[in-house]
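Some notes on the structure that comes next.
The values are calculated or read from the model by the stated rules, or taken from the named source; none is laboratory data. Quick caveat: nothing in here was measured; it's all calculated off a predicted structure. Cβ: placed from backbone, ideal geometry, glycine included. Neighbour counts: every protein chain shown. All accessible areas refer to the heavy atoms of the entire protein, side chains included, with ligands and DNA or RNA removed. Shrake-Rupley method; radii C 1.70, N 1.55, O 1.52, S 1.80 Å.
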Amino acid sequence: MNIYEQAGLKKVINASGKMTALGASIIDSSVAEYMKEAAMNYVDIEALIDKAGEIIASYTGAEDGCVTVGASAGIAIATAACIAKDNMLYIESLPFSEGMNNEIIIQKGHSINFGAPVTQMIRLGGGVPIEVGQANKVLREHIDLAITEKTAALLYVKSHHSVQKGMVSIEEMIEIAHSHSLPLIVDGAAEEDLKIYITLGADLVIYSGGKAIEGPTSGFITGKKQLISFCKKQYQGIGRAMKVGKENIMGLLKAIELYTTKDRELIIIKQKALVEWMAYEINKIDGLIASVTKDEAGRKIYRVSVKVDDNLGEIGAENIIRELEGGNPAIYTRNHHANVGIINIDPRPLAEGDEKYIVDRLKEIIGNIS
């Protein structure tokens, strides 16, 4: 019985992914030890933030880094940095930004909800979101024509939530931003490659520490030294409400260290073998059609896509999801396409044996309902 069960909560099997709603990731024991020791000692927080930024930059290839309490806070802080810079009058005025160059350009197909609207994170940092183009089609002209003297930055959201077709590429967004002497911010919260966007030329890149990196609740911004210095200055303003504790900073640093030493290709091979086994077993269940799919945003993540056959009548994906979540342990799947009868299973958070339990529960649910 885990600590949450002791508190009266159901055990959870996470087949959804590195999701904030399910606690993001399970940290390694060495990360927990780092956090424990950090929590039991004092440190100069400003010096720790600076040192952490140096260490983070050594892993990302950027000039510097700034720790945050999460990727969403990173969006607000990066926005504030591009608007207020190091002007204390501006820093202390945010999120009220009238009279400042405060417009942040974002493609319409990137104006997503990840549990909260990304545009709200921009506004928390004092930004005025300027959505350009249409949800399924954005042209370079849309972006160029939206840039004015009020523009503070451009924002590119790299996410499975974003529209994956018809958008201006990140390479072209960087070119557009720099041709207007503006910074490009990349929200790469759940991305796995810590260097790719800096290498491409992005000015500020935001990551979650608790998703692909499997650290504690945390995040960081990495990028150009001057812009990162502006990010750190926001801790004297709106960043104060988003401060990250010493134990989470140290846990993040240990998690990044472990993350960069993992054999990613071997992990992918094992995960693919697991989903192939699951798809084979699920295909034995009448009314379910399983296949192996790759992450829609292009990451090297393989999942099981389970289509609920129309011949099952009223037994739809949403009923199956309800049954999975209603059990004990509760099984949470990836349900972004439940409205079209598809349930996805992400293997990354599964503990040994979880895959067999999920298959058995699906057999039981279909058997009981039919």
Only one of Leu266, Leu258 that is closer than 27 Å to Ile27 by Cβ and in contact (Cβ under 8 Å) with a residue 24 or more places away in the chain
Leu258
Looking at the range 159-179, which of its residues are open to solvent by 70 Å² or more (accessible area, probe 1.4 Å), under 15 Å from Val138 (Cβ atoms) and either without any contact (Cβ under 8 Å) to a residue 40 or more places away in the chain or among the β-branched types (Val, Ile, Thr) (or both)?
Lys165, Glu171, Glu175
Report every pair of residues separated by at least 6 positions or lying on different chains whose Cβ atoms are under 7 Å apart, first residue within the range 341-352 and free of Cβ contacts under 8 Å to residues at least 40 places away in the same chain, second outside any strand (DSSP E or B) and not small (Gly, Ala, Ser).
Ile343/Ile320; Ile343/Ile321; Ile343/Asn335
Test of understanding: among Lys11, Lys51, which residue is surrounded by fewer than 18 Cβ atoms within 10 Å (Cβ to Cβ) and in contact with a helix residue (DSSP H, G or I) (Cβ under 8 Å, 6 or more places away or on another chain)?
Lys11
Here are some conditions: (1) crowded, with 16+ Cβ neighbours inside 10 Å; (2) touching a Gly at 6+ places or on another chain (Cβ under 6 Å). Ala290 meets all but one. Which one does it not meet?
(2)
Criterion first (outside any loop (DSSP other than H, G, I, E, B) and in contact with a Leu (Cβ under 6 Å, 6 or more places away or on another chain)) does Ile321 satisfy it?
no
Among the residues of the range 244-267, count how many are at pLDDT 95 or above and open to solvent by 60 Å² or more (accessible area, probe 1.4 Å).
1
Among residues belonging to the range 113-132 that are open to solvent by 20 Å² or more (accessible area, probe 1.4 Å) and of a type in the set (Gly, Ala, Ser), point out the one that is farthest from Ala84 (Cα to Cα).
Gly115
